[in-house]
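A quick write-up on the structure given underneath.
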Amino acid sequence: MTHPLRLGIAGLGTVGTGLIALVQRNAALIEARAGRPVTVTAVSARSRARNRGVDISGYAWEDDPLALARRDDVDIVVELMGGEDGPAKALTEAAIAAGKDIVTANKALLALHGQALAEAAEAKGVALRFEAAVAGGIPIIKSLMEGLAGNKITRIKGVMNGTCNYILTRMEDAGLPYDTVFEEANQLGYLEADPTLDVGGIDAAHKLAILSAIAFGVQPNFEAIELAGIEQIEIEDIRAAADLGLRIKLLGVAQMTGRGLEQSMTPCLVPADSPLGQLKGGTNMVVVEGDAIERVVLRGPGAGAGPTASAVIGDVIDIARGLRLPVFGQPATSLAQPQAARATASKPFYLRMTLIDKPGALAKVAEALGNAGVSIDRMRQQGHADTRAPVLVITHKTTRDAIDHAVALSLKTGVVVDEPVALAIEED
C-alpha cells in the first residue's frame with residue numbers, strides 16, 4: 001500500500017475541526033483523488049478538554065504547536081491558528097526549517113511576511129500552499145496560478161469579506177442601522193475576536209495583497225493599500241444608494257499602471273443589477289480581468305468550516321499528487337518590489353455631509369466643491385432635526401484627490417458637522 005500522507009494540524013477552531021470532519025467523512029474519496037491515503041496523526045490547540053464535535057482521540061496531542069514540525073510522523077504541517085506573528089509564524093518557520101510542507105489559511109501571515117516565507121520555503125524545496133487564506137471555498141489562488149497563468153492580468157476586484165457583505169445587505173434588507181446589525185453579526189459569531197479586522201477592512205486587505213502578488217508578479221505590499229472600513233456607513237447611505245439604483249460594497253480593487261500598483265479596499269457604490277451588486281450575505285466574489293480571458297467571475301462562500309476546509313484539503317491533495325509551484329506563482333526572488341500608486345481614474349462620487357441648518361450653508365459647500373474642481377451632478381437636502389441638515393451630493397466624474405481636497409475645503413467653511421462620507425461610484 002502507498003504510504004499515507006500524514007497531517008499535523010495546529011488550531012482546532014471552526015476550520016480545524018471542519019478539516020478533521022472532512023478527512024474522516026471523505027477518506028476514500030480523498031485517497032482516490034490523492035493517489036494515497038491522507039490521515040491526521042497529530043493535533044495541537046489551546047485546550048485539550050474542549051468538546052469540538054469531532055473525534056480526536058486517535059491523534060497524538062501536542063501542547064506546543066511547534067512540536068508538530070519536529071514529529072517524524074508528520075509530513076504536512078497545517079497551520080490554522082491565525083495571527084500575523086506569534087505561534088503561527090514560528091510554526092511556519094519551524095516547519096520550513098524541518099523540510100516539511102505547509103498548508104495554511106493565514107492571510108495576515110502571508111500578507112505581511114509572505115515574501116520572506118516564500119523565499120525560505122523555495123530555498124528549502126518545500127511547498128507553502130494557502131488556497132484557504134483568500135475567499136474561503138472559491139479557488140481563486142489556483143485559478144490565478146494555474147488556469148489563468150498565461151494571462152497578463154490587468155485588474156482584480158471583488159468582495160472579499162463575508163461579514164461586511166452580510167452587514168451591508170442586512171442593513172438594506174431589514175432597514176436596520178449599522179450598530180444593530182453589527183451586534184447581530186457578533187451574536188451570530190461572524191466577527192473576528194478583534195472586529196476591526198472585519199469591519200475595518202483589514203482582513204479583506206490582507207487578501208487583496210496576496211492576490212496582487214500572484215496577479216502582478218510583485219512582493220506582497222499590504223502597507224500600501226488604501227484602506228477604509230464600513231463603520232462610517234449609515235442606514236441613510238444605504239437608502240440613498242437604493243434610490244440611485246446602487247448598493248454599497250466593501251470593494252477591493254488592484255491594477256498595475258504605468259505609475260505603479262494601485263490597491264484599495266474601501267466602501268464603494270456599485271450598480272444594484274451588476275454581479276457585485278447582487279451579491280448577498282456572506283458570499284464572496286472575485287472578478288479577474290486579463291488580456292486573453294477578458295473577464296472571469298468567481299463566486300462562492302467566503303468562510304465557514306466546510307468551504308475553508310475544502311480549500312485546505314485541495315492544497316493537501318495537490319501536494320500528494322506531487323504538484324509543487326512557486327509560492328506566489330513565480331520564483332520569490334524574481335518578484336518585483338511594487339511602486340505604490342494612487343488611483344487617478346475619474347469616476348462619480350457620492351458625498352454625504354451634515355450641515356449646520358442656517359442660511360447660506362449649502363452655498364458655502366457648493367463653493368468649496370467648485371474651488372476643488374468638483375462638479376455637482378445632483379444635490380439633495382434631506383429632512384432635518386434641530387440644527388443639523390443632512391445633504392447628499394452626487395458628483396460628475398472626478399478623482400479621489402479632488403474629492404479629498406473638496407472635503408478638506410468643506411470642513412474649513414465652518415458649516416459642516418462631523419466628518420463627511422465620500423464613496424466612489426464604480427460603474428463597471
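The values are calculated or read from the model by the stated rules, or taken from the named source; none is laboratory data. In this text, all values refer to a predicted model and were calculated from it rather than measured experimentally. When we count neighbours, we look across all protein chains shown, and the Cβ atoms used for this are built from the backbone with ideal geometry, even at glycine. Remember, those area values only see protein heavy atoms, side chains included, never the ligands or the DNA or RNA. Shrake-Rupley method; radii C 1.70, N 1.55, O 1.52, S 1.80 Å.
Projecting label points 7 angstrom from Cα along Cα→Cβ for residue 333 and residue 404 puts them 3.8 nm apart. Length gained on full extension, residue 154 to residue 295, computed as 0.36 nm times the residue gap minus the Cα-Cα distance: 49.8 nm. Is the range 251-335 rounded, prolate or oblate when judged by the Cα gyration tensor, a ≥ b ≥ c being the square roots of its eigenvalues, rounded requiring a/c under 1.5 and prolate requiring a/b larger than b/c? It comes out oblate by the Cα gyration axes.
Rounded to the nearest 500, the 222 nm mean residue ellipticity of the chain from helices alone is -10000 deg cm²/dmol, with -39,500 (n - 2.57) taken per DSSP H run of at least 4 residues.
Given their separation in residues at 0.36 nm each and the Cα-Cα distance between them, residue 234 and residue 188 gain 14.5 nm when the chain is fully extended. Take every DSSP beta bridge whose two residues both sit in the chain; close to 65 percent of them are antiparallel.
Basic side chains Lys and Arg get +1 at the Cβ, acidic Asp and Glu get -1 at the Cβ, and with that the dipole of the range 259-306 about its Cα centre reaches some 200 debye. Pair-distance distribution P(r) for the range 301-399, from all Cα-Cα distances in 10 Å bins starting at 0: 11, 23, 15, 14, 17, 15, 4, 0 percent. Entry note, the chain: relative contact order of 16 percent, from Cα contacts under 8 Å with a spacing of 6+ residues. Placing unit charges on the Cβ atoms only, positive for Lys and Arg and negative for Asp and Glu, gives the chain a dipole magnitude near 700 debye about its Cα centre.
Computed from label points 7 Å out along Cα-Cβ, the spacing between residue 323 and residue 344 is 4.0 nm. Over the range 31-131, Cα pairs under 8 Å with separation of 6+ residues give a relative contact order of 21 percent. Build a GNM of the chain with springs between Cα atoms under 10 Å apart, and of 11, 114, 189 the one that fluctuates most is 189.
In this simple spin-label approximation, residue 70 and residue 32 carry label points 7 Å from Cα along the Cα→Cβ vector, and these lie 4.1 nm apart.
Just going by the charge dipole of the chain, with Lys and Arg at +1 and Asp and Glu at -1 on Cβ, which of 151, 117, 24 is farthest out on the positive end? So the residue we want is 151.
Extents of the chain, taken as max minus min of Cα coordinates on every principal axis and listed largest first, are 84, 47, 35 Å. With the whole protein complex present, residue 398 retains an accessible surface near 10 Å², based on a 1.4 Å probe.
Stokes-Einstein D for the range 196-280 at 25 °C, 0.890 mPa s, Kirkwood Rh over Cα pairs, in µm²/s? In µm²/s, the coefficient rounds to 178. Just check the range 1-101 against the gyration tensor rule for me: Cα atoms, a ≥ b ≥ c as the square roots of the eigenvalues, rounded for a/c under 1.5, and otherwise prolate or oblate depending on whether a/b exceeds b/c. Since a/c reaches 1.5 but b/c is at least a/b, the shape of the range 1-101 is classed as oblate. Note that the chain presents 41 Å² accessible area per residue, ligands and nucleic acids not counted, probe 1.4 Å. Dipole size of the range 341-428 about its Cα centre, with +1 on Lys/Arg Cβ and -1 on Asp/Glu Cβ: approximately 160 debye, rounded to the nearest 20. Going by the alpha-carbon gyration tensor, a ≥ b ≥ c the square roots of its eigenvalues, is the range 46-200 rounded (a/c under 1.5) or, if a/c is not under 1.5, prolate (a/b greater than b/c) versus oblate? Oblate, because a/c is 1.5 or more while a/b does not exceed b/c.
The fraction of accessible area contributed by carbon and sulfur in the chain is 49 percent, rounded to a whole number (1.4 Å probe; ligands and nucleic acids excluded).
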